[in-house]
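The values are calculated or read from the model by the stated rules, or taken from the named source; none is laboratory data. Quick caveat: nothing in here was measured; it's all calculated off a predicted structure. Backbone-built Cβ (ideal geometry, glycine too); neighbour counts: all protein chains shown.
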2 protein chains.
Amino acid sequence: MTSRVPLRSLSPDELASFLAHQQQAYADLQARGLKLDLTRGKPAPDQLDLSAALLDLPTTTLDRSGADVRNYGGLEGLPELREIFAELLGVEAAQVLCGGNSSLTMMHQVLTFLLLWGGPGSERAWKDEPVIKFVCPVPGYDRHFSMLADLGIEMLTVPMNADGPDVDAVAALVADDPAVKGMWVVPTYANPTGSVVSPEVARALMAMPTAAPDFRIFWDNAYALHHLTDDEVASADALGLAAAAGNPDRPVLFASTSKITWAGAGVAVMASSEATKAWFLKHLSMASIGPDKVNHLRHVELFGDAEGVRAHMRRHRELIAPKFAAVDAALTAGLEGLEIAEWTRPTGGYFVNLDVLDDTASRVVALAKEAGIALTPAGASFPHGQDPRDRNIRLAPTFPPLDQVEAAMAGVATCVALAAAEHLTAG
Amino acid sequence: MTSRVPLRSLSPDELASFLAHQQQAYADLQARGLKLDLTRGKPAPDQLDLSAALLDLPTTTLDRSGADVRNYGGLEGLPELREIFAELLGVEAAQVLCGGNSSLTMMHQVLTFLLLWGGPGSERAWKDEPVIKFVCPVPGYDRHFSMLADLGIEMLTVPMNADGPDVDAVAALVADDPAVKGMWVVPTYANPTGSVVSPEVARALMAMPTAAPDFRIFWDNAYALHHLTDDEVASADALGLAAAAGNPDRPVLFASTSKITWAGAGVAVMASSEATKAWFLKHLSMASIGPDKVNHLRHVELFGDAEGVRAHMRRHRELIAPKFAAVDAALTAGLEGLEIAEWTRPTGGYFVNLDVLDDTASRVVALAKEAGIALTPAGASFPHGQDPRDRNIRLAPTFPPLDQVEAAMAGVATCVALAAAEHLTAG
């Protein structure tokens, strides 16, 4: 492998030969009649089996206060579950709410509540502003962007660096324009780059001056506990840093057990300043008879405490770390040295970020599809699905069995090489 | 009891004697040091125990199509559960969505989606209308009204009759004012009156001309299956009548198992035209990774089929019908013949509607509170908690044990009589 040279350094004849070689490899790939899917970050069945005990829980229907979890009420969620998440997220239990099965739902509620009523510090309901804009680090999570698009919120992109969003770019956008009301951040093992927001970047984001008095950072810590190495990085203390900077209401934290227990039947968590929590509960009380506390108790009994969650996550790591290693091995075997692709070796989370030659990502995805390998659409990690360089591909290796990840990724490497060769010879 | 004469027919001396008698009865009541609660329509623990098998369900994690219910997806809900509810609600399975643990949440979503985007037939998002008004039959469900108040929607009241909302009053409100965009209806065993909307009233509501092209009836069929007698009345076919009248998108139906299985851990249901369903799912997909399908399957396994639900509801009836009989017995024993109160003898649902002498309901509730009997605040069944006649009290007898219902209601009868005597002697 080390004998490879950059594709751009080849002579025209060498490049033609490389192209022919990749065309043959691709024909061989197609002939295999694969049917593989790397599109979504879903836990595999063996990961879901780690929580099989949920089927027999809870063993009681009373919480520790003696309240019947089967009945109405308890809008904030079961206190014992809130305490577990407070420890895991490094916040106070009083700042935590536990909800239904989806943190996405809580994010959407916070956003629509801000639109309908405004929040702490707002001069008016956001719906009554002429325009609302959000800062969106890219590449990022497609559902964050589609939610904003559906609500007619404009998206301003900034680069996502290895230590988090480009702070200077963010600060410039928020400093003078009061229409810039919010920002998405996935602070730990970001989707799809795997970036971890450093304490310095977090401090800057929480302290930076904003023209909007009610600027909000949606701090989606979906992968806070989803380590792939022994380096179990701690998330930056968003609420503490914001309070220290005099902006206690700026961040709203979200997390869930969707990739801890069961993707569709877990529990979601939100943490915020107490003012934000009171504001949220006031409006939530119009829309809810309380969360599913039976499922809260089910989760409390499964884990016991915060350490139980951490131990559980190490079992996930055992199952999925080999799949991430397989992605890296296949891309290294097929592409190293050619200088036509860069990819991440994430230390946590659910994705590998693959950047191919500019203007070839769509072609790679199309080639893969024709070979029976489903990839996330090129551009999915950008607002409106538009990657200006057409180079970004999000790989999601957790769901398929290991042998399928290996087969699919070998195929992807072939597609990347073929698309690059096509592109360079077409020039 | 039949020897009683109307309180208003007594001479001043007789009335003074009656008052003194009630004051003594009330003093005796206070001396008992009761601590009873008839405030909310909650199932009692023995009702929740009817679904104890849920603790051991589901027995599989695959739905009938072979999909893993633990994972993401399935935004419409489990097809097998949708079919059960379709039969129970008299609609097509294709019209049904199953959601989370609260139909109130689905109502709030539909309402906020209409505000944010408008719906089928809307000329614009409702938030961009100068004012939005809803027709509210009274007395009605307090949470319906508080949701509207929180959203700044004006409420226009109409009388709730024994066969449903006063159709002429409704028709007059909606005919000419395009700001009148919607209406609440609890069609079966309404909260709190127990009224059942007749097919004729339903037909009129679905067919009446409305100035708003996107008029919506929120058809909250929370008690569709909650019979208290052998007369298991069928709800009017709102969707069919609306479609026949050329207004297919007008009604949106809601129901849940909150008072069938577990109040806080059940499943919610919505049924609508397919256009409304597609509109709702489009926006819901931005806010949800799918409902808790494990809980859907848990419910499917508990019931088996629609008849399983009906059989389950008969077991509820066995537990709560005696409590409703106790309410009637206590009110009859204490008040019959005095012509100072009227109350319902509901054939289903969760409430008894008690109308006392005008201008005395608040006093009755205050007297009861001082005697250790918590009642729903007077006026709770009216928009903004304002009963213009101060006569309406909602009684919720399901949660306390039977002996407590008996004790509480005997006390309530005393409070009603005392308040009436005070009022008539103060004249």
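Here are some notes:
- If only residues of the stretch B:44-64 that are surrounded by fewer than 17 Cβ atoms within 10 Å (Cβ to Cβ) and under 20 Å from B:A306 (Cβ atoms) are counted, the one that is farthest from the other protein chains (Cβ to nearest Cβ) is B:R64.
- Output for the stretch B:372-392, where each listed residue is in contact with a Gly (Cβ under 9 Å, 6 or more places away or on another chain) and of a type in the set (A, V, I, L, M): B:I373, B:A378
- Inspection of the stretch B:23-37 identifies no residue that is within 14 Å of chain A (Cβ to nearest Cβ) and modelled with pLDDT of 95 or more.
- Taking residues in the stretch B:166-187 that are in contact (Cβ under 8 Å) with a residue 12 or more places away in the chain, and partners anywhere that are crowded, with 22+ Cβ neighbours inside 10 Å and of a type in the set (D, E), the pairs with Cβ atoms closer than 9 Å and at least 6 places apart or on different chains are B:W184/B:D220; B:V185/B:D220; B:V186/B:D220; B:P187/B:D220.
- Whichever residue in the stretch A:395-424 is buried (at least 24 other Cβ atoms within 10 Å of the Cβ) and closer than 18 Å to A:D46 by Cα and, among such residues, is farthest from the chain's Cα centre (by Cα): A:V405
- Flag if A:D214 is away from chain B (no Cβ under 14 Å), surrounded by fewer than 22 Cβ atoms within 10 Å (Cβ to Cβ) and within 23 Å of A:F351 (Cβ to Cβ): no
A quick yes/no check of all residues on (1) surrounded by 15 or more Cβ atoms within 10 Å (Cβ to Cβ); (2) assigned to a helix (DSSP H, G or I); (3) within 23 Å of the chain's Cα centre (by Cα); (4) not assigned by TED's automatic domain parsing to the domain that holds B:L241:
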position: B:H316; (1), (2), (3), (4): yes, yes, yes, yes
position: B:K323; (1), (2), (3), (4): yes, yes, yes, yes
position: B:A333; (1), (2), (3), (4): no, yes, no, yes
position: B:E342; (1), (2), (3), (4): no, no, yes, yes
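- Looking across the stretch A:361-371 at every residue that is more than 21 Å from the chain's Cα centre (by Cα) and part of a helix (DSSP H, G or I), the one that is nearest to A:F145 (Cα to Cα) is identified as A:S362.
- Selection of the stretch A:65-83 for residues being buried (at least 24 other Cβ atoms within 10 Å of the Cβ) and in a helix (DSSP H, G or I) yields only A:L81.
- Look at the stretch B:228-242: where a residue is under 13 Å from B:A271 (Cα atoms), no partner that is among the β-branched types (V, I, T) and loosely packed, with under 15 Cβ neighbours inside 10 Å sits 6+ places away or on another chain with Cβ atoms under 8 Å.
- Scanning the stretch B:235-264 for residues that are under 30 Å from A:D68 (Cα atoms) and in a strand (DSSP E or B) yields B:L253, B:F254, B:A255, B:S256.
- Every residue from the stretch A:257-289 that is more than 9 Å from chain B (Cβ to nearest Cβ), of a type in the set (G, A, S) and within 17 Å of the chain's Cα centre (by Cα): A:A268
- The numbered conditions (1) of a type in the set (S, T, Y); (2) within 14 Å of chain B (Cβ to nearest Cβ); (3) exposed (fewer than 13 other Cβ atoms within 10 Å of the Cβ) are all true for A:S3 except (2).
- Per-region count, the stretch B:204-234, residues outside any loop (DSSP other than H, G, I, E, B) and more than 21 Å from the chain's Cα centre (by Cα): 2
- Checking each residue in the stretch A:372-427 for being among the aliphatic types (A, V, I, L, M) and assigned to a loop (DSSP other than H, G, I, E, B) picks out A:L375, A:A378, A:A380, A:A396.
- Restricting the stretch B:84-107 to residues that are in a loop (DSSP other than H, G, I, E, B) and more than 14 Å from chain A (Cβ to nearest Cβ), the residue that is surrounded by the fewest Cβ atoms within 10 Å (Cβ to Cβ): B:E92
- Condition broken by B:K127, with the remaining ones in (1) surrounded by fewer than 20 Cβ atoms within 10 Å (Cβ to Cβ); (2) touching a helix residue (DSSP H, G or I) at 6+ places or on another chain (Cβ under 7 Å); (3) not in a helix (DSSP H, G or I) satisfied: (3)
- Beta carbons closer than 8 Å, at least 6 apart along the sequence or on distinct chains, never pair a first residue in the stretch A:61-78 that is within 13 Å of B:A52 (Cβ to Cβ) with a second that is basic (K, R) and surrounded by fewer than 19 Cβ atoms within 10 Å (Cβ to Cβ).
- Sole exception among (1) within 30 Å of A:K259 (Cβ to Cβ); (2) over 13 Å from the mean Cα position of the chain (by Cα) for A:W126, by number: (1)
- Any hit, the stretch B:292-311, residues being free of Cβ contacts under 8 Å to residues at least 12 places away in the same chain, in a loop (DSSP other than H, G, I, E, B) and over 24 Å from the mean Cα position of the chain (by Cα): yes
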